[in-house]
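Participant: The structure follows.
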Amino acid sequence: MFSFNECTEGRPRTRKKYHLLTAELRDKKGRIIVSATNSYKKTHPMQKHWASKTTKPDAIYLHAEVHALMRARYQLHLVHSLHVFRYDAHGNPAPAKPCPVCQQAIAWAKIKHVYFTCEDGIEYERH
Ligand SMILES: [Zn+2]
């Protein structure tokens, strides 16, 4: 249903150690509704809000997962799964498990199917 090749196909290679973490929200048929990346410059009140509910209140820069949820705010009823992935300069998968701040946002959005990259490939969690 979701493979690592899907994450890397057609995407530019990075010269940095890691590609930006990317989060995609998909519908029941697996079609991408929105795609968003981490930001180290942009803050957002929603990110701040979810961060304040965890032990990481200073995590105010937009995480890919929160960023994607904000972009899809009028289409949340269509969201079936969340896919979070990151890969290194060699195209190998890297850990991208949603952090406690994003877990809060995922629970709020009632997303049940969460896929993320880890060093061995893709992991799945049912929420
Ligand atoms: Zn996060």
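Participant: May I ask you to verify whether Lys42 is basic (Lys, Arg) and at pLDDT 95 or above?
Facilitator: no
Participant: May I pose another question? List pairs: first in region 84-104 and of a type in the set (A, V, I, L, M, F, W, C), second more than 9 Å from the ligand (Cβ to nearest atom) and in a loop (DSSP other than H, G, I, E, B), Cβ under 6 Å, 6+ apart or cross-chain?
Facilitator: Sorted first by the residue in region 84-104, then by its partner, the pairs are Val84/Ala96; Phe85/Ala96; Ala89/Thr14; Ala94/Arg86; Ala96/Arg86; Val101/Thr54.
Participant: Follow-up. Got a sec? Which of Ala51, Ala96, Ala59 is in a helix (DSSP H, G or I), surrounded by 14 or more Cβ atoms within 10 Å (Cβ to Cβ) and within 14 Å of the ligand (Cβ to nearest atom)?
Facilitator: The conditions single out Ala51.
Participant: While we're here: So His44 fits all but one of (1) within 13 Å of the ligand (Cβ to nearest atom); (2) within 22 Å of Thr117 (Cα to Cα); (3) of a type outside the set (Gly, Ala, Ser); (4) surrounded by 15 or more Cβ atoms within 10 Å (Cβ to Cβ); what number is the exception?
Facilitator: Unmet for His44, out of (1) within 13 Å of the ligand (Cβ to nearest atom); (2) within 22 Å of Thr117 (Cα to Cα); (3) of a type outside the set (Gly, Ala, Ser); (4) surrounded by 15 or more Cβ atoms within 10 Å (Cβ to Cβ): (2).
So that you can scan it fast, the table gives a plain yes or no per residue for (1) surrounded by 13 or more Cβ atoms within 10 Å (Cβ to Cβ); (2) assigned to a helix (DSSP H, G or I); (3) within 10 Å of the chain's Cα centre (by Cα):
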{"position": "Ala68", "(1), (2), (3)": "yes, yes, yes"}
{"position": "Leu82", "(1), (2), (3)": "yes, no, yes"}
{"position": "Val101", "(1), (2), (3)": "yes, yes, no"}
{"position": "Tyr115", "(1), (2), (3)": "yes, no, yes"}
{"position": "Glu123", "(1), (2), (3)": "yes, no, no"}
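Participant: Next up: When the residues of region 103-113 are filtered to those that are buried (at least 18 other Cβ atoms within 10 Å of the Cβ) and among the small types (Gly, Ala, Ser), which remaining residue is farthest from the ligand (Cβ to nearest atom)?
Facilitator: Ala109
Participant: Could you tell me how many of the residues in region 84-93 are away from the ligand (no atom under 13 Å from the Cβ), of a type in the set (A, V, I, L, M, F, W, C) and outside any loop (DSSP other than H, G, I, E, B)?
Facilitator: 1
Participant: Here is a list: Glu24, Glu65. Which entry is under 18 Å from Glu123 (Cβ atoms), of a type in the set (Asp, Glu) and within 13 Å of the ligand (Cβ to nearest atom)?
Facilitator: After ruling out the rest, the residue left standing is Glu65.
The values are calculated or read from the model by the stated rules, or taken from the named source; none is laboratory data. Here the structure is a predicted model, which means the values were calculated and not measured. Reconstructed Cβ throughout: ideal geometry from the backbone, glycine too, with neighbour counts over all protein chains shown.
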